[in-house]
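**Student:** Quick one: the structure is below, questions incoming.
The values are calculated or read from the model by the stated rules, or taken from the named source; none is laboratory data. What you are looking at is a predicted structure, and each value in this text was computed from that prediction instead of being measured. Cβ: placed from backbone, ideal geometry, glycine included. Neighbour counts: every protein chain shown. What goes into the accessible areas is simple: the full protein's heavy atoms, side chains included, and nothing from ligands, DNA or RNA. Shrake-Rupley method; radii C 1.70, N 1.55, O 1.52, S 1.80 Å.
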Amino acid sequence: EAMFSLRSAVALTRGARRLSSAPKKVAVLPGDGIGPEVMDEALKVLGAVEKISGAKFATETHLIGGAAWDAHGEHFPNSTREACSKADAILFGSIGGPVEEADHPKWANAERNALLGLRKAFTLAVNLRPAVIYPMLASLSPLRPDIIAKGVDVLVVRELVGGIYFGEHKTMGDSAIDVMEYNADQIRVALKYAFEAAGTRRKKVTVVDKANVLDCSRLWRKVANEMAPSYPDIEMEFMLVDNAAMQIIKDPSQFDVMATENMFGDILSDAASVLPGSLGLMASASLGTSVHMYEPSGGSAPDIAGKGVANPIAQILSGALMLRYSFAMEEEAQLIEKAVSAVLEDGLRTGDIMMQGDKKVSTKEMGDAIVAKMYAM
């Protein structure tokens, strides 16, 4: 159980890894499309963290997805799996090719083989996806200004390896069956992360379910009620998923941490992801028993790959999540996040978040500007 604890990870890291001069090993998997160019900027930011904090990162770049297919004839080669298993954290880019080539062997099932392969290999059981609306980018959000003015900063915690996606699937003529199944241990792992993440935020957890219909949801409530007394400073509430889908659009500022099962989390985290106005701003973390993985929420955007116009912010913020959850470097994680805000405040924009009167910059210029802010802070 301790393996799944953010708090024990923090204590352990502060006590040992932080003081030791041993470099933190990071497996870097840039992948396809815009992956390599935005990853370059994230690594540039990590380089600045090294200079500012004295921490050392030993990064090793490995192939995955279509890039791995070209070299090895498979999407998730053993060499990459090995490197990830020896690493302290995995920093992942994106996977996938052009839509019109989807049935080409290089791209067919690339995402499934690589991403599900990673999830399975390292039991990446919980996904954290933050959705923050930056005040200076409020006009990009589909929400009304009065809703945004209340402040939107939600963290969706999604259980990743149980539920209906991992149950039995079968079709018999004109009928089909998909089985949703959970056990208390799986639920405990996700909720533990939710409670502990809330402890470092605004101290509120909303458990989202369908307990008026589903037995699985009733089990989620039972486990949540058993765990809540261990976190006396955290306020916990339950909300039905249909209501939660409305509330995340109507009044998202009421939420701090939302915790839920796999399918509901899939849907709600995608709903939350459109609130900031661009996937280029959305980082995510997938937390495992032995190693955690960090990646942007957007795709590989093959149409703009290699043009130097992609937004590197989601990849850079994924690096900040890595510092927070794998290395307990909260101060440095916040430094990156504040530098990103400051650069946006200055009106610098990549094409995806560009409005009238903003200064358009390239992928590299955005990375350079964020690094410059970090040194200036």
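**Student:** If every alpha-carbon in segment 176-313 counts as one equal scatterer, what log10 I(q)/I(0) does Debye give at q = 0.10 1/Å?
**Tutor:** Log10 I(q)/I(0), no solvent term: -0.40.
**Student:** Let me have the relative contact order for segment 116-232, percent, based on Cα pairs under 8 Å that are six or more residues apart. Mind dumping the intermediate values first?
**Tutor:** Values: 118 pairs, mean separation 23.4, N = 117.
Dividing the mean separation by the residue count of segment 116-232 yields 20 percent.
**Student:** Sum -39500 (n - 2.57) across every DSSP H segment of at least 4 residues in the chain, then divide by the residue count to get the 222 nm mean residue ellipticity, nearest 500.
**Tutor:** Working: 13 runs with 145 residues, N = 377.
Per the formula, -11500 deg cm²/dmol.
**Student:** Please compute the per residue accessible area over the chain with all protein chains in place, 1.4 Å probe, rounded to a whole number of Å². List each step's numbers first, then the result.
**Tutor:** Working: 16270 Å² over 377 residues.
With all protein chains present, the chain gives 43 Å² per residue.
**Student:** Next question. Considering only protein heavy atoms and a probe of 1.4 Å, how much of the accessible area of the chain is carbon and sulfur, as a whole percent? Don't jump to the answer; show the numbers that get you there.
**Tutor:** On the way: 8820 of 16270 Å².
Roughly 54 percent, rounded to a whole number.
**Student:** Protein chains only, probe 1.4 Å: how do 365, 41 rank by accessible area, largest first?
**Tutor:** Details: 365 95, 41 10 Å².
Reading off the accessible areas and sorting them downward yields 365, 41.
**Student:** Less than 12 Å Cβ to Cβ from residue 105, Lys/Arg counted +1 and Asp/Glu -1: what total charge do the surrounding residues give?
**Tutor:** Working: positive: 106; negative: 70, 74, 101, 103.
Summing Lys/Arg as +1 and Asp/Glu as -1 gives -3.
**Student:** Distance between Cα centroids, segment 292-333 to segment 221-247: provide it in whole Å.
**Tutor:** 29 Å
**Student:** Mind scanning 150/203; 307/364; 307/360; 25/56; 106/170; 192/222 and naming the pairs with a C-alpha gap bigger than 20 Å? Please report the intermediate quantities before stating the final value.
**Tutor:** On the way: 150/203 17 Å; 307/364 11 Å; 307/360 14 Å; 25/56 9 Å; 106/170 28 Å; 192/222 14 Å.
Table pairs above 20 Å Cα-Cα are 106/170.
**Student:** Once the principal axes of the Cα atoms of the chain are found, what is the range along each, listed largest first in whole angstroms?
**Tutor:** Sorted largest first, the three principal extents are 51, 48, 47 Å.
**Student:** Another question, if that's okay. Rank these by accessible area, largest first, 1.4 Å probe: 215, 242. The partial results should precede the final answer.
**Tutor:** Numbers: 215 115, 242 80 Å².
Highest to lowest solvent-accessible surface, that is 215, 242.
**Student:** Let me ask you something else. What are the aspartates and glutamates whose alpha-carbon lies under 13 Å from the alpha-carbon of residue 210, with same-chain residues fewer than 8 places away excluded?
**Tutor:** Those aspartates and glutamates meeting the cut-off are 242, 261.
**Student:** For segment 52-133, what is the relative contact order in percent, using Cα pairs closer than 8 Å and at least 6 residues apart in sequence?
**Tutor:** Result for segment 52-133 is 29 percent.
**Student:** Could you order 203, 106 by accessible surface area, starting with the largest, using a probe radius of 1.4 Å? Write down the numbers at each step before the final one.
**Tutor:** Numbers: 203 75, 106 45 Å².
Greatest to least solvent exposure: 203, 106.
**Student:** Oh, and also: Let me check I've understood the local charge: for residue 165, count other residues with C-beta under 15 angstrom from its C-beta, Lys and Arg +1, Asp and Glu -1. What total comes out? Write out the running numbers ahead of the final one.
**Tutor:** Numbers: positive: 112, 119, 120, 158, 170; negative: 111, 159, 168, 178, 181, 261, 266, 270.
Net local charge, residue 165 excluded: -3.
**Student:** Report the equivalent ellipsoid semi-axes for segment 279-377 in whole Å, largest first, defined as the square roots of five times the eigenvalues of the gyration tensor built from alpha carbon atoms.
**Tutor:** Ellipsoid semi-axes (Å, largest first): 24, 18, 9.
**Student:** What does the charge add up to near residue 368, with Lys and Arg as +1, Asp and Glu as -1, over the other residues with Cβ less than 14 Å from its Cβ? Let's see the in-between values first.
**Tutor:** Values: positive: 44, 359, 364, 373; negative: 37, 40, 41, 346, 365.
Here the count lands on -1.
**Student:** Beta carbons within 10 angstrom, averaged per residue: use that to sort the peptides 65-76, 188-199, highest first. Write down the numbers at each step before the final one.
**Tutor:** Values: 65-76: 20.1, 188-199: 23.2.
Ranking the peptides 65-76, 188-199 by packing returns 188-199, 65-76.
**Student:** Take peptides 336-348, 132-144 and line them up by average Cβ neighbours within 10 Å, highest first, as a rough protection proxy. Before the final figure, lay out each step's value.
**Tutor:** Numbers: 336-348: 18.5, 132-144: 16.5.
Top to bottom by mean Cβ count within 10 Å: 336-348, 132-144.
**Student:** Between segment 43-57 and segment 349-366, what is the C-alpha centre distance in whole Å?
**Tutor:** About 25 Å separates the Cα centre of segment 43-57 from the one of segment 349-366.
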